[in-house]
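Right, one structure below, let's go through it.
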Amino acid sequence: MFITSAYAQSSSPMADPFSGLLIPMLLMVLIFYFLVIRPQNQRQKQHREMIERVRRGDTVVTSGGFIGKVSRVPENSDEIDVDLSDTLKVRVLKSTLLDVRSKSEPVKDATVTK
């Protein structure tokens, strides 16, 4: 008897409950891609290129924190020989290198000037 028109209307059987969520979900995926996935892929690409360009005489920093000079880079191998001191020579996997400093590049100065 006192039924309002809002309660009396029936929803269409073809209405999709997720239709209103499609655009916000796509926006979230795009934002996630540009803020997280794309920069990570670029960093990985730069690291691979840096490792491929390592050559004899370069100063390298390993993931263990060791700093040494490359003494030998065998062809078709994923290992290099690094001199940590005059008497200590180690074999290191290329994938464990964090940084490669070339011979001509000066070491970055960590001091703060005022």
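Note: relative contact order over the range 22-101, using C-alpha pairs below 8 Å and six or more positions apart, is 24 percent. Converting phi to 3J(HN,Hα) with the Karplus coefficients 6.51, -1.76 and 1.60 and the offset θ = phi - 60°, the range 72-78 yields 7, 10, x, 6, 6, 9, 9 Hz in sequence order, with x at every glycine or proline. The dipole here belongs to the range 22-101: it is taken about the Cα centre, uses +1 on the Cβ of Lys and Arg and -1 on the Cβ of Asp and Glu, and is about 180 debye. Spread over its residues, the convex hull of the C-alpha atoms of the range 22-101 is 99 Å³ per residue. Distances between placed amide hydrogens fall under 5 Å for Glu79 paired with Lys94, all partners being 5 or more residues away or on another chain. By the count of other C-beta atoms within 10 Å, a proxy for reagent exposure, Asp81, Asp58 are ordered fewest to most as Asp81, Asp58. Listed values for the range 44-52 are Karplus-derived 3J(HN,Hα) couplings in whole Hz (6.51 cos²θ - 1.76 cosθ + 1.60, θ = phi - 60°), namely 5, 5, 4, 5, 4, 5, 5, 5, 5, and x replaces Gly and Pro.
Each reported figure results from applying straightforward, stated rules to the coordinates on display, with no laboratory input. Since this is a predicted model, take the numbers as computed values, not measurements. Every residue, glycine as well, gets a Cβ built from its backbone with ideal geometry; the counts of neighbours run over all protein chains shown.
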